Ligand SMILES: [Mg+2]
């Protein structure tokens, strides 16, 4: 199987905590020597991702990740020399949409907080709720999934959707997610989607794993059950090992031509 680009979610996929495991870093260096590009596709902010890379002692001169997709596909940055340079056209368009999202949500975020606590008697572990902002952590994945469905059903927004990363639920842009942004990055590197391997573990990765963009989908063993099912239904690869070790297993197995 020809793979020219590996795009990896961060939390629960490449890492189980900070730093990135040394064997995972060594593996990325090895695949890059074979001409494969490595891209991080995370819901975290760019600053946050760069901080994790720096704590893992991966600095720009290492030459990877060649691109970073942050905030669930909202922002794209490419490594140019020593710094990450933004995809100006893409990022500017998303910034405009984010402004509309903020207005769309407005103070409805406070109303959702009320519904969650008063109607459903579910009490978030932590929350960031403000004008145009809604990001909530629950005790269980199931609680986050339940509330996600309620909010999706109740709201009819053009620019807003809800994404769940395990027990964390956030309002996010509906216009782009991890799949469409990865398609943009693949196009930038002139790599066909069929040579792009996308690896993720939770609901917020569905967009790049569901076959819509033509990537090869894969998941580590710790991925949520429905994500593993989705990957199998798309004839992708589900690892027997978790997180970073699973990523090594996935990439080496696919490069050696075997599939699980
Ligand atoms: Mg994840």
Please state which of the following conditions residue 63 fails to meet, knowing it meets all the rest: (1) closer than 24 Å to residue 189 by Cβ; (2) modelled with pLDDT under 95; (3) out of contact with any strand residue (DSSP E or B) (no Cβ under 9 Å at 6 or more places or on another chain).
-> (3)
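Yes/no matrix, rows are residues, columns are (1) assigned by TED's automatic domain parsing to the domain that holds residue 218; (2) crowded, with 18+ Cβ neighbours inside 10 Å; (3) within 24 Å of residue 164 (Cα to Cα):
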residue: 23; (1), (2), (3): yes, no, no
residue: 29; (1), (2), (3): yes, no, no
residue: 48; (1), (2), (3): yes, no, yes
residue: 51; (1), (2), (3): yes, no, yes
residue: 54; (1), (2), (3): yes, no, no
residue: 74; (1), (2), (3): yes, yes, yes
residue: 80; (1), (2), (3): yes, no, no
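The rows are residues; the columns are (1) outside the structural domain of residue 132 (by TED's automatic domain parsing); (2) part of a helix (DSSP H, G or I); (3) in contact (Cβ under 8 Å) with a residue 12 or more places away in the chain; (4) surrounded by fewer than 17 Cβ atoms within 10 Å (Cβ to Cβ).
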| residue | (1), (2), (3), (4) |
| --- | --- |
| 169 | no, no, yes, no |
| 182 | yes, yes, yes, no |
| 185 | yes, yes, yes, no |
| 197 | yes, no, yes, no |
| 208 | yes, yes, yes, no |
| 214 | yes, no, yes, yes |
| 218 | yes, no, yes, no |
| 223 | yes, no, yes, no |
| 229 | yes, yes, no, yes |
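Could we say that residue 241 is part of a helix (DSSP H, G or I), over 15 Å from the mean Cα position of the chain (by Cα) and in the same structural domain as residue 69 (by TED's automatic domain parsing) here?
no
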So residue 153, is it assigned to a loop (DSSP other than H, G, I, E, B) and exposed (fewer than 15 other Cβ atoms within 10 Å of the Cβ) = no
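The values are calculated or read from the model by the stated rules, or taken from the named source; none is laboratory data. Everything quoted here is computed from the prediction, not taken from an experiment. FYI the Cβ positions are ideal-geometry reconstructions off the backbone, even for glycines, and counts take in every protein chain you see.
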